[in-house]
Structures are given as structure tokens and as C-alpha cells.
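The values are calculated or read from the model by the stated rules, or taken from the named source; none is laboratory data. Please read all numbers here as calculations on a predicted model, not as lab measurements. Cβ atoms come from the backbone with ideal geometry, glycine included; neighbour counts cover every protein chain shown. Each accessible area value is taken on the protein alone, full model and side chains, heavy atoms only, with ligands, DNA and RNA left out. Shrake-Rupley method; radii C 1.70, N 1.55, O 1.52, S 1.80 Å.
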Amino acid sequence: MPPRRAGAFAPGRVNLIGEHTDYNCGLALPFAIAAGVTVHAEASGQERIRARAADLDEEDEFPLAEPSPAQGWRAFVRGTVAELARAGFPLLGARVEITGDVPQGAGLSSSAALEVALCLALAELCSSGAPGTKRLERIDIARLCARVEHDWVGAQTGLLDQLASLCGQLDTALLIDFRTLQIDPVPLRLGGWRLVVLDSGERHAHASSGYNQRRAECAQACALLGVQSLRQATAEQAALLPAPLNARAGHVIAENERVRATVAALRADDLPAVGQLLNACHASLRDRYQVSTPTVEAAVERLLAAGAVGARLVGGGFGGSVLGLFAPGVAPPTGAHEVRPGPGARLLDG
Ligand code: GLA
């Protein structure tokens, strides 16, 4: 007998470094944060899903069989239900309640937190307890959520956000190699140093920003270079590409090296060096990948003016939050929130 109720929490994420590398089979170093999305689902005995986004005070209702497309948060719910059904889950009609404290479109992966929490809760509702029922590995959940982004939301995102949300660990960043999907924990020993995020106030949606275009440019660069992914290309080869592909590929190749250098600096407890790498990452995202905006630049300037040793936009860009690293005793500006690596997504009691 399946449980009548299931609940799950999935966190947002901050990516310390390694931006726009995930869909290029590269490296990134994210961590899960404390803020996230909670989903409670209760079987209703009807062939429908009734969902409520409590923070927005909005509802949605649709048939379990063949949900039709929708916009905003509804696209995530309908997409997750449809993709779970495609993956062979015998879904139950349910009432679904969603709450969260990750600001939407602020670069902290509210989308991944929503997809992952929905996926965990709905899969649990229909399968756990019953012997021989289907279980999803974390990587399968990440892939299923990515299909929701691609096919229901229209954003051709990679697996960075979902893997960070699913695999987060306390006081630890995750070195993810997107070529092999191997994840190595990297202890984040900050001592008295602080990582903070500051919301630029500019909202983004990857489906309508330049995100998909950047991904297409990387694919074009690969086609011209005759490689399957930019992981196989060198900086020298990238430099020969026509503009702007040379700059896009150049960013990705150098960014992988910055991720390696950041891991080395963290292992050596050299936080000033991490700050320099964050600055170099931001300059590359602004000038070569061209995903910054005047509003994001103003937020980075505020962090640097307050004394951050490093500051950069975080996530896909075109708005969202900026990340800053502060030495002990240096006060971040008003409005900045400290972030620390926390545990990954988990099931809750009912
Ligand atoms: C967004 C996407 C991720 C990743 C980052 C950029 O957060 O969802 O897959 O591409 O942008 O690093």
C-alpha cells in the first residue's frame, strides 16, 4: 500500500566557480545552500493533480494523463508529472503544496530546487513502501529534471543546479566533472572568511534570456572544431574560431582551469587566491561570454567597494545574484546574505 502522503525538501545552490561549463562537459564547483523548496503531496484518489504555490497564492489543476503545457511554476509541476509518468512511475492523483524561500530568477536555482523537490515527493508518494517498485538514482533524477527544463520550460540548461541540489554536503563544495559525472567533495574551510550573495534585483528566465543562444554558440564552436565537446578543445584552437565563438569557447576552456586552480587554492587554505579567481571568472563572463548586465555590474561593484577580495555573477547571468568573498572583519554591504554549504535534497516525514 503506497503512503498517502510524502514530502521533500530540495535546496537552491551557489556555484563557487565553473560557469557555463556544465553543458560543455567541463568542471564546476557548486554547493547546496540552506534556502530551498518544500513540497508536500497527499494522494487524493482522483485522476488529477491539484497544486498550490503557497508563496504566490496561486493554484493549478490538471489531469494526470497528458498534462498540457503551461507557463511559470505550473510548467515545472506539469513537466515533472509528465516526465515521471514517462519514466514508468504509476502516478497517483494528489494535492500538492509548494513553499519555498529561494527567490525566483535570482541565480540561486529556484527552478532546480522546485523540480527536485517535486520529483522526490511525487516519486515517493507513488512508489515507496511497495516491494519491487521503481527507484530513481540521483543522476536519473537530475536528468529527469533537466528534461523538464528543456521540454516544458524551454531552457536548455545543463545538470549543474540539479546535481548540486541533490548531492549537497555540509561545509563542502562539490567538484563535478560533467564529462564523467564524477563528484568529488572539496571541504570548504572558510575559517572567519565569509561568502555572501547580493541580489542584483534584476530577474532572469533562461528560456527567454541569451542562455539558449550561448549554448547554441558552444555547439557551433564544437562543430567547427570537429570535437564532441569543448572539453576536447584547446585554447589555441578556440582562438582561431570566428567571433564571437572564439570568445565563448575561450571562456569555457579557461574556466575549467580556474575550477582546478580554485580547488588547489582551497586545499591550500589560500582564500585570497580564491578571491582572485572569482574576479577572473567574472571578467571572463562579462567580456568573453557576455552574460552580465549593467545592473549585475553595479552589484559586483558594491561588493568590491565594501572590501570583497573577489566578486562575480553567479549562475547563468542576464540578471540574478552576485557572489562575494570577504576576509575576516570586513563587513559585507547591507542586503548581502551569508551562504554556507548545506546538505542536499531529502525526503521529509509526510
Ligand atoms: C544555469 C543553468 C546551469 C548552468 C549555469 C551556468 O544555472 O541552469 O545548468 O549552465 O546556468 O553555469
- [ ] Could you pull the Cα extents of region 155-238 along its three principal axes, largest to smallest, in whole Å?
- [x] 47, 32, 26
TODO: Please express the shape of region 134-190 as an equivalent ellipsoid: the semi-axes are the square roots of 5 times the eigenvalues of the C-alpha gyration tensor, given largest first in whole angstrom.
DONE: 23, 13, 10
- [ ] Determine how large the accessible area of residue 193 is when every protein chain is in place; take a 1.4 Å probe and give Å² rounded to the nearest 10.
- [x] 40 Å²
- [ ] With a length cut of 30 Å (Cα positions projected on each helix's long axis) and a Kyte-Doolittle mean of at least 0.0, go through the chain and give me the DSSP H helices that pass.
- [x] none
Open item on the list: Using the Cα centre of the chain as the reference point, and only Cβ charges (+1 on K/R, -1 on D/E), how large is the resulting charge dipole? Debye, rounded to the nearest 20.
Closed with: 460 debye
Open item on the list: What distance in nm separates the two pseudo spin-label positions at residue 264 and residue 348, each 7 Å out from Cα along the beta-carbon direction?
Closed with: 4.4 nm
Task: Two-site FRET efficiency, residue 254 against residue 68, from Cβ-Cβ distance with R₀ of 51 Å, rounded to 0.05 - done: 0.75
- [ ] Would you mind getting me the FRET efficiency between residue 4 and residue 104? Use the beta-carbon distance for r and R0 = 35 Å, nearest 0.05.
- [x] 0.70
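Expected output is a single nm value to one decimal: the length gained when fully extending between residue 290 and residue 179, i.e. 0.36 nm times separation in residues minus the C-alpha distance. What is it? Please report the intermediate quantities before stating the final value.
Numbers: separation 111, 0.36 × 111 = 39.96 nm, distance 2.44 nm.
Residue separation times 0.36 nm, minus the Cα-Cα distance, leaves 37.5 nm.
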TODO: Please work out, to two decimal places, the log10 of the ratio I(q)/I(0) at q = 0.13, 0.18, 0.24, 0.28 Å⁻¹ from a Debye calculation in which every Cα of region 40-111 carries one identical scatterer.
DONE: -0.38, -0.71, -1.15, -1.38
Task: Extension reserve of the residue 189-residue 150 stretch, reckoned as 0.36 nm per residue once the Cα distance is removed - done: 10.5 nm
Task: Virtual spin-label span in nm between residue 240 and residue 297, 7 Å along Cα→Cβ - done: 3.4 nm
Task: For region 221-276: span of alpha carbons on each principal axis (Å, largest first) - done: 40, 20, 13
Task: Ratio of the Cα radius of gyration of region 7-136 to 2.2 N^0.38 Å, where N counts its residues - done: 1.10
TODO: Give the distance, in whole Å, between the Cα centre of region 37-54 and the Cα centre of region 225-300.
DONE: 42 Å
- [ ] Would you mind listing how long the chain runs along its three principal axes, going by Cα atoms, in whole Å with the largest first?
- [x] 58, 50, 35
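If you stretched the chain out fully between residue 223 and residue 48, how much longer would it get, using 0.36 nm times the residue separation minus the C-alpha to C-alpha distance?
58.6 nm
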Task: Dipole in debye (nearest 20) - region 44-103, about Cα centre, beta carbon charges: Lys, Arg +1; Asp, Glu -1 - done: 260 debye
Open item on the list: Sort 278-287, 314-323, 178-187, 208-217 by the packing proxy (mean of other Cβ within 10 Å over each peptide's residues), most packed first.
Closed with: 314-323, 278-287, 208-217, 178-187
- [ ] Work out the charge dipole of region 240-293 with +1 on the Cβ of Lys and Arg and -1 on the Cβ of Asp and Glu about the Cα centre, then indicate which of 259, 242, 292 is farthest towards its positive end.
- [x] 242
Task: Point-to-point label distance, residue 34-residue 213, nm (Cα→Cβ direction, 7 Å offset) - done: 3.9 nm
Open item on the list: Using the Cα centre of region 69-177 as the reference point, and only Cβ charges (+1 on K/R, -1 on D/E), how large is the resulting charge dipole? Debye, rounded to the nearest 20.
Closed with: 420 debye
TODO: Within 10 Å, count the other beta carbons around each residue, average over each peptide in 288-299, 220-231, and list them highest first.
DONE: 288-299, 220-231
Task: Helix-only CD estimate at 222 nm, as mean residue ellipticity for the chain, using -39500 (n - 2.57) per DSSP H run (n ≥ 4) - done: -11500 deg cm²/dmol
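Could you give the Stokes-Einstein D for region 248-321 in µm² per second, using the C-alpha Kirkwood radius, 10 °C, 1.306 mPa s?
This corresponds to a translational diffusion coefficient of 126 µm²/s.
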Open item on the list: Pairwise over distinct Cα atoms, reciprocal of the mean inverse distance: report the Kirkwood radius of region 166-298 in Å, one decimal place.
Closed with: 16.7 Å
